[in-house]
1. Name the strands (runs of 3 or more DSSP E) wholly inside the stretch 236-324 in which the number of residues that are within 25 Å of the chain's Cα centre (by Cα) is 1 or more.
2. Does Phe64 satisfy the condition of being at pLDDT below 95, more than 10 Å from the ligand (Cβ to nearest atom), aromatic (Phe, Trp, Tyr) and over 28 Å from Ser336 (Cβ atoms)?
3. Does at least one position in the stretch 234-247 carry a residue that is surrounded by 11 or more Cβ atoms within 10 Å (Cβ to Cβ) and farther than 24 Å from Ser385 by Cβ?
4. Is it the case that Tyr312 is within 27 Å of Asp185 (Cβ to Cβ) and crowded, with 16+ Cβ neighbours inside 10 Å?
5. Within the stretch 211-229, does at least one residue satisfy the condition of being β-branched (Val, Ile, Thr), at pLDDT below 95 and surrounded by 16 or more Cβ atoms within 10 Å (Cβ to Cβ)?
6. Out of curiosity, is Leu32 in contact with a helix residue (DSSP H, G or I) (Cβ under 9 Å, 6 or more places away or on another chain) and either in the same structural domain as Ala400 (by TED's automatic domain parsing) or not in a helix (DSSP H, G or I) (or both)?
7. Taking the criterion of being exposed (fewer than 15 other Cβ atoms within 10 Å of the Cβ), among the charged types (D, E, K, R), in contact with a helix residue (DSSP H, G or I) (Cβ under 9 Å, 6 or more places away or on another chain) and assigned by TED's automatic domain parsing to the domain that holds Thr258, would at least one residue in the stretch 145-158 satisfy it?
Amino acid sequence: MDIKTDTLIIGAGQAGLLTSQALSKRGIDHLLLEKETVAHKWKTARWDSLLLQQPNWISHLPDFPYVPALTDPDGFPTATQMYDFLVSFADKIEAPVRCGIAVEGLRHDGPEATFIADTSQGAFHANSVVIATGSLQVPRRPNFLSGRTDILQISASEYRNPGQLSGGAILVVGGGNSGCQIAEDLRRAGREVVLSLDRHRRVPRRYRGKDLFWWFRESGVLNTPAEEMPVDTSPLVFAGGGNTIDMRRFAQDGIYVTGSLAGLEGDTLVFNDDLGAILDHGDRHYHGLLDRFDLLAQKRGPHLPDDAGARYSWPDSPCITEPIRRIDLGDAQINSVIWATGYRTDYSWVELPVFTPEGKPHHHHGVTDIPGLYFIGLPWQVNLSSGFIFGVRNDADMLASVIAARAADSGAFRASGRKS
Ligand SMILES: Cc1cc2nc3c(=O)[nH]c(=O)nc-3n(C[C@H](O)[C@H](O)[C@H](O)COP(=O)(O)OP(=O)(O)OC[C@H]3O[C@@H](n4cnc5c(N)ncnc54)[C@H](O)[C@@H]3O)c2cc1C
């Protein structure tokens, strides 16, 4: 049986849920379709020791405090805590979610000027559609080692803990958050780890007694508009749990850092001659940020103590002074590879002309050129905050206002939005 609602939200992660809350506040009838379960990514695609990048104190949702923040504001949520928090939030707002329904096609019903979402459980008709399917959908995996079935190869989203990997050394490919945090996790468990880095931007975890997110908020970095997005989009490397990620410290701790992976020749891993440039790039960003924060500290006065330690440079280990370009898999006993090489989106089911030639949604602040079609949860959708759990609320609120105006204009139809 076909179902009608004013607004269909596709995806029930944080972005879909916050949009639901904002629509409910405006009395807009809506449904969320979720192919798995609410916020499941925090349970199914994160490793056991993962701590979120932002501290507890900034992790609240609208009208819904993050309880651990009250007792330990400077701690960091675990992935499980974030999952539980989002599921409780969905309950609290009575989000009209239907789980286990994948949208397999989204098309426009021309004459009616409405949308039809085709699913395994029939068609859903809506006046407006919000695509909230996340930006980190499908792991990217270079095919350097395709065909090497003798080596266990998993993506970062499949990694859980060191016990999952049999003995021997592990190659972690990717120097963003995931690669760095997984390499640390493995090394803490005493495993031999080779970490193949790529271009990244380092940031301090804490500086002058304050967390990075305090500095980001106070200096206005979080509100950097999409129009002023930095040209350099290499990943910012954060760490939860109080550490600043520093590849020179990694090397001191026994992680074997290399340049970016170029390929496999026979049984030999080949790395590019770029380790020095990668480390310099990360450090330049780190020190530039400290300089920027120092300027802010001067304006704020003496309550932000000096922090010379943050400028400490760890001595270079031999793997940095004499970077190795070739590693024999057998000699190094590498029999597991973790690909922490990023994600891509999959909008193959959206049968609407709303994408750039590169396959990215064409939009302004989530509003597309197709009346009634919106995106939420895109990185830099409105500003830097858009990509963070605590930041997507403003974007959701703005979209809900646009949708409410459209519903008012069109005398939108009403339908059942029951929770399943
Ligand atoms: C390792 C890792 C660590 C991270 N750490 C942080 C952090 O510390 N802080 C932070 O703010 N962010 C972090 N992020 C990013 C965070 O995951 C995202 O910000 C967040 O999950 C995005 O929420 P979302 O609702 O946009 O998308 P998602 O959580 O991905 O939700 C999208 C939902 O859409 C559903 N869906 C997809 N396609 C369909 C379809 N066709 N039909 C129906 N349903 C569909 C999916 O099943 C999913 O539940 C991290 C990401 C990763 C990978």
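1. Values: elements: 256-258, 261-265, 268-271.
Ranges flagged: 256-258, 261-265.
2. Details: at pLDDT below 95: yes; more than 10 Å from the ligand (Cβ to nearest atom): yes; aromatic (Phe, Trp, Tyr): yes; over 28 Å from Ser336 (Cβ atoms): yes.
For Phe64, the condition - at pLDDT below 95, more than 10 Å from the ligand (Cβ to nearest atom), aromatic (Phe, Trp, Tyr) and over 28 Å from Ser336 (Cβ atoms) - is met.
3. Step one: filter the stretch 234-247 for residues surrounded by 11 or more Cβ atoms within 10 Å (Cβ to Cβ), giving 234-247.
So of that shortlist, the ones also farther than 24 Å from Ser385 by Cβ come out as 246-247.
Yes, the stretch 234-247 has at least one match.
4. On the way: within 27 Å of Asp185 (Cβ to Cβ): yes; crowded, with 16+ Cβ neighbours inside 10 Å: no.
No, not satisfied.
5. Step one: filter the stretch 211-229 for residues β-branched (Val, Ile, Thr), giving 221, 224.
Still in the running and at pLDDT below 95: 221, 224.
With surrounded by 16 or more Cβ atoms within 10 Å (Cβ to Cβ) added as a condition, the list becomes 221, 224.
Checked the stretch 211-229: at least one residue is β-branched (Val, Ile, Thr), at pLDDT below 95 and surrounded by 16 or more Cβ atoms within 10 Å (Cβ to Cβ).
6. Values: in contact with a helix residue (DSSP H, G or I) (Cβ under 9 Å, 6 or more places away or on another chain): yes; either in the same structural domain as Ala400 (by TED's automatic domain parsing) or not in a helix (DSSP H, G or I) (or both): yes.
In short, yes.
7. Yes: one or more hits.
Rundown of residues vs (1) more than 20 Å from Val337 (Cα to Cα); (2) in contact (Cβ under 8 Å) with a residue 60 or more places away in the chain; (3) polar (S, T, N, Q); (4) loosely packed, with under 14 Cβ neighbours inside 10 Å, yes/no style:
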residue	(1), (2), (3), (4)
Tyr256	no, yes, no, no
Gly259	no, yes, no, no
Leu264	no, yes, no, no
Phe271	no, yes, no, no
Asp283	yes, yes, no, no
Tyr286	yes, yes, no, no
Arg292	yes, yes, no, yes
Leu295	yes, no, no, yes
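The values are calculated or read from the model by the stated rules, or taken from the named source; none is laboratory data. Since this is a predicted model, take the numbers as computed values, not measurements. With ideal geometry, Cβ positions are generated from the backbone for all residues, glycine too; neighbour counts draw on all protein chains shown.
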